[in-house]
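The values are calculated or read from the model by the stated rules, or taken from the named source; none is laboratory data. On a predicted model such as this, the values are computed, not experimentally measured, just so you know. FYI the Cβ positions are ideal-geometry reconstructions off the backbone, even for glycines, and counts take in every protein chain you see.
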């Protein structure tokens, strides 16, 4: 009899078991992620300190603590847990846009990052499976004739995007008629959209919803133009450490660690990614 991943996770024998028991059945070696070999630490952080890139441009994943100014949110939570398991001190290096994280990675500025998976980024970054999935959608003025996702890709439509963001990279490949207006960060994209009277701003759904709620005269288009898969990334030359990181991410999803982190940081609109196939 062929047994599927779903059969294992939903069977009476495993439904009430510890998360790592089910994980061990679907991802060999994942349950041992907490016992990191010393070599993994030296591969990931040859300097002895794990330099972690944090992107404040995506507030679903990272927020600045108002009291201390330090990063918190699910990205920071995962970084701290990786450092704890590897016995490494953490140094956070913060950026205000995903594109700037990618650019800094080409200069060797960090050892670990949290970015959306994209074919362009994969040319220099090796990714785990996603740990969180969020949606990309559009913000328009209340009186805009744009009513659906399909209405956007038309001649004369100007779309403000954060340069190098996941949705910039995606829309660059997918749009045929609309024009992208690239700016430095996702926050600036909304500001430029409003200031210059552009037709559309593209971004992560929840921050756009929050903006429309706080600013009468704007609305978010129903639906999504993409699913954004957020993953842990490392420089491609550190690929030997990837199996450990992949197992770690699967454990964090299965154990509820990521769900609890999203809840604690108030990001209820984001979803934990499904188990890796």
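Below is a table of values for the structure above.
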item	result
Helices (runs of 4 or more DSSP H) (entirely within region 179-277) containing at least 2 residues that are modelled with pLDDT of 95 or more and touching a helix residue (DSSP H, G or I) at 6+ places or on another chain (Cβ under 7 Å)	242-255, 257-264
From 233, 203, 256, 217, residue being surrounded by fewer than 19 Cβ atoms within 10 Å (Cβ to Cβ), in contact with a strand residue (DSSP E or B) (Cβ under 8 Å, 6 or more places away or on another chain) and in contact (Cβ under 8 Å) with a residue 40 or more places away in the chain	217
Segments classed as helices (runs of 4 or more DSSP H), wholly inside region 1-105, with at least 2 members that are at pLDDT 95 or above	38-44, 74-86
Answer from 105, 124 - the residue that is in contact (Cβ under 8 Å) with a residue 40 or more places away in the chain, over 25 Å from residue 208 (Cβ atoms) and surrounded by fewer than 16 Cβ atoms within 10 Å (Cβ to Cβ)	124
Residue within region 126-134 that is at pLDDT below 95 and in contact with a strand residue (DSSP E or B) (Cβ under 9 Å, 6 or more places away or on another chain) present	yes
Some residue of region 43-53 being surrounded by 22 or more Cβ atoms within 10 Å (Cβ to Cβ) and under 18 Å from residue 185 (Cα atoms)	yes
Filter pass, residue 167 being in contact with a strand residue (DSSP E or B) (Cβ under 6 Å, 6 or more places away or on another chain), touching a residue at least 60 places away in the same chain (Cβ under 8 Å) and not assigned by TED's automatic domain parsing to the domain that holds residue 121	yes
